[in-house]
1. Between a first residue in the range B:103-114 that is closer than 14 Å to B:G54 by Cβ and a second residue that is aromatic (F, W, Y), which pairs have beta carbons less than 7 Å apart while being 6 or more apart in sequence or on different chains?
2. Could we say that B:R330 is surrounded by fewer than 24 Cβ atoms within 10 Å (Cβ to Cβ), part of a strand (DSSP E or B), within 11 Å of chain A (Cβ to nearest Cβ) and not β-branched (V, I, T) here?
3. Assuming B:E481 fulfils every condition listed in (1) under 21 Å from B:L267 (Cα atoms); (2) out of contact with any Ser or Thr (no Cβ under 9 Å at 6 or more places or on another chain); (3) crowded, with 18+ Cβ neighbours inside 10 Å; (4) in contact (Cβ under 8 Å) with a residue 60 or more places away in the chain apart from one, which condition is it?
4. Considering (1) out of contact with any Phe, Trp or Tyr (no Cβ under 9 Å at 6 or more places or on another chain); (2) within 14 Å of chain B (Cβ to nearest Cβ); (3) not aromatic (F, W, Y), say which one A:L27 fails and leave the rest.
5. So in the range A:190-242, with the set limited to residues that are at pLDDT 90 or above, under 23 Å from the mean Cα position of the chain (by Cα) and of a type in the set (D, E), which one is farthest from A:A51 (Cα to Cα)?
6. Would you confirm whether or not the range B:372-381 contains a residue that is touching a helix residue (DSSP H, G or I) at 6+ places or on another chain (Cβ under 7 Å) and either closer than 28 Å to B:L324 by Cβ or within 14 Å of another protein chain (Cβ to nearest Cβ) (or both)?
7. Within the range B:439-484, can you find the residues that are within 21 Å of B:W385 (Cα to Cα) and β-branched (V, I, T)?
8. If you take the residues in the range B:93-118 that are crowded, with 20+ Cβ neighbours inside 10 Å and in contact with a Gly (Cβ under 7 Å, 6 or more places away or on another chain), which one is farthest from B:R131 (Cα to Cα)?
2 protein chains.
Amino acid sequence: MFEAAELGRSVSKADFKQAEPDLRLALLHAQRLARQRGLPVILLVCGVAGAGKGAMVNRLLEWLDSRGVQTHVFWDETDEELQRPRWWRYWRKMPAAGNVSVMFGAWYSRLIQEFLQQGVDAEGVGAELERIRAVEQMLIDGGALLVKFWLHLPRDEQARRVEKRRKDPQSHWHMAPETAQAAEHYGSFLSIATRVIRETDTGHAPWYLIEATDQRFRDLTAGKTLLRAIETRLSSAEPRETVRTSHAPALPDSASAQVTILDQLDLSLQLDRAEYKQARKALDPRINRLGWRGFEARHAVVVVFEGSDAGGKGGAIRRLTEALDARLYRVVPVAAPNDEEASHHYLWRFWRQMPRDGYWTIFDRSWYGRVLVERVEGFATEAEWRRAYHEINNFEAQLAEHGVTVLKFWLSIDRDEQLRRFEARKETPYKKHKITDEDWRNRERWDDYKAAVNEMIIRTGTEYAPWHIIPANDKRYARIEVMRIVSETLAQALGDDDPKGQR
Amino acid sequence: MFEAAELGRSVSKADFKQAEPDLRLALLHAQRLARQRGLPVILLVCGVAGAGKGAMVNRLLEWLDSRGVQTHVFWDETDEELQRPRWWRYWRKMPAAGNVSVMFGAWYSRLIQEFLQQGVDAEGVGAELERIRAVEQMLIDGGALLVKFWLHLPRDEQARRVEKRRKDPQSHWHMAPETAQAAEHYGSFLSIATRVIRETDTGHAPWYLIEATDQRFRDLTAGKTLLRAIETRLSSAEPRETVRTSHAPALPDSASAQVTILDQLDLSLQLDRAEYKQARKALDPRINRLGWRGFEARHAVVVVFEGSDAGGKGGAIRRLTEALDARLYRVVPVAAPNDEEASHHYLWRFWRQMPRDGYWTIFDRSWYGRVLVERVEGFATEAEWRRAYHEINNFEAQLAEHGVTVLKFWLSIDRDEQLRRFEARKETPYKKHKITDEDWRNRERWDDYKAAVNEMIIRTGTEYAPWHIIPANDKRYARIEVMRIVSETLAQALGDDDPKGQR
């Protein structure tokens, strides 16, 4: 594969000088257009050690307008990163709309290093390559331009450079930490790199192989390639949204044929005050203890609350958090994104809130807004919400792989109960602020929401992050159910087989 | 001091039940007003171990609307925090306008722990107390409401609780990590706490001592105190801005009496092309080497570029970064803040950009905007920009204490040179975008800017972060001067006595 980058191509000083001003001007122009159009650009810079990745990026930075360009290097994984799902460290560096993130190595270097140094096997590599393809696809679907450079040097040239630098006191320091030992592993490095490049060289995120032996050739090629990638992306119409057909069978029109999962719930379930009190008495200390055990075991928990308006999310969250120590959890109410959030991929603001190992994040509404309110109200296009099921499953799988317990609750009430609660809220002084015109409008679209909820539960109920559908017409029953499920799930995850807490 | 919190006060269940609904309603109302008015609320929760800080915060969280409330615990300092100035970890948790940050322990717990466990001496404590007073003052001046709770338990009660929890399997886990050993150190803990509280109990940020023996008394007191603090702050008119008189002597009106530091610069200094090339040949590898040495020594660098419009900041930065490896530095161009930044203290967005140990952040414009453009254009009130000198010195002192090298450059050109450059920019295609109407407007206020720059240099030129005023009419001269100063300062900081790089 790399023969194409060992042709000995070069650019003379004179040619470089002639080409540079035009290229620079064109790059600035393209960058400005990209900013106006809100295009986020992710430039991945990978390649063999000693190829001058740093020098090439320096040149690009010189050509570009530094406003809105950020470079990121991922050498040492910090403990804040280690204590979160693998991809968190990349999400936190994703460019906002109109900005450019230059990422050195990123997910590719990590994978190659894990293979070469930490003994990840071929199967593990395969799984990660699949994850990479999925994430890149998602970033691109989300509107980003992803440009991937691979800088190549022939074996002799790499050895020559490393040796020369080792000897030359002036440039001795001019080497990234990994460069020095690189030459010895050229063969095995290239062999894994070949697989990685081949399997991630997709139509929508191709690799650009750049011959790096001659610096001027390397830099001009990089600049022109980046330019063309931006220009092509900007000149094409909005990426065509191919709406996949729904996998759900088309149901007959009659009412009895439209029964959903939600209709089969027994909403009459309830607890009286004494039963409720007794259940709390057992569950409160148990959950508290599990919170501390999870903290000690460095086990993270993500709890998602979704449900009809007035379904009792807030109350259920409050009962759950009463049992937990305030230092261990955070409640994140999800409303409209602020402008920093709105300028990123829709999942970015949730990645941002992922708890560190040992802590809990409790979401009052969540990323499921994409397939609920955004679908029903038309804030997301059909293509967007349709692919969101898959994106969300992928996202939650990453949490689960890291060892996070993911709990998802749908609090279900019927239309009459909702009306009763709306009316009651208007009467209770400290609840009045919770009822808005929007709630009444949403209520008009009850059936649309029902269909959306039904599809959401079908498509995103996974073994690693199942939905718990809670009959919530009776608040006491719903709250205890939530606490019971949290407690049982956690006990299982933590290997706590001692339901009475006697240890 | 603590006698006042050992009176055995309590609230009956009935009284609590009666008081709670009104308090809750009032708190919600106050919180909503605070949000509307954009008031950031910082609630510090400190006190003796076992007093139920977590339980009390849980109660407050139950009463408040969870939107915009975040709790922060500072148990384990992460390496990302350790590798930045001490206060960075608190700045990253500061509430945005209208939000509430509940901080457990925060800077107080750290100080007390350092004294008790790490042998920081009385003098060290005194220095940190002074820092605390200064930072709290700055937060309050910046518009925040700071509420400080100290939860107290008598010695016997603490011992009893710790013992009871140790024995009770149900609540064994119900203890923050630090609680268990606390009882043994009650005396020494209280003695340092007394000093800390006394010396930070300032008029604008008083401590509220809360008797925590009875839970209902504790929670009601906390809720009512928080309520009163918010109400008082909202009902008072905007905090009166006391404009301190300038310390600068009033100068006679004649032109010759108005000479500033900037007038004494020799702007005729220049380098010819050959001198420039030769200097670069020596400086480029040297700075590259120092960058890598700094990386290995985990030494952070902050470089600030300020200067007249068209003073050549961008060009000087580009020459400097050409020498550095792209993976080691980040250039941060400072323009108008985004809305997340604008909703915080003006220094927040710069704290956010502080490099980790081993890396560089290069600011193209900086926090000095506060005393330059914001002063001249009237975006900051006189009281705001006047106190900014002190705030900035304090900020930079914190960087220096952590071991960051702070380099500040003012690139100075005269009015004629500026006009020449403005005209030239209009002609150069890839520079045209750099010249705006605003630049022409600023030019009209040349003398106001000159006065502001002069005062800035006088008031913020410190031994730990001196200003370097660079005659910049000749670009080559200015660029080499900058690189020379960077290189010499770094060599000194790193103990690199080998100017030729022969090692």
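The values are calculated or read from the model by the stated rules, or taken from the named source; none is laboratory data. The structure displayed is predicted, hence computed values, not measured ones. Here the Cβ positions follow ideal geometry from the backbone for every residue, glycine too, while neighbour counts run over all protein chains shown.
1. From the range B:103-114, the pairs are B:F104/B:F74; B:G105/B:F74; B:S109/B:F74.
2. The answer is yes for B:R330.
3. With respect to (1) under 21 Å from B:L267 (Cα atoms); (2) out of contact with any Ser or Thr (no Cβ under 9 Å at 6 or more places or on another chain); (3) crowded, with 18+ Cβ neighbours inside 10 Å; (4) in contact (Cβ under 8 Å) with a residue 60 or more places away in the chain, B:E481 is out only on (4).
4. (1)
5. Out of the qualifying residues, it is A:E199.
6. For the range B:372-381, residues touching a helix residue (DSSP H, G or I) at 6+ places or on another chain (Cβ under 7 Å) and either closer than 28 Å to B:L324 by Cβ or within 14 Å of another protein chain (Cβ to nearest Cβ) (or both): present.
7. The answer is B:V453, B:I457, B:I458, B:T460, B:T462.
8. B:N99
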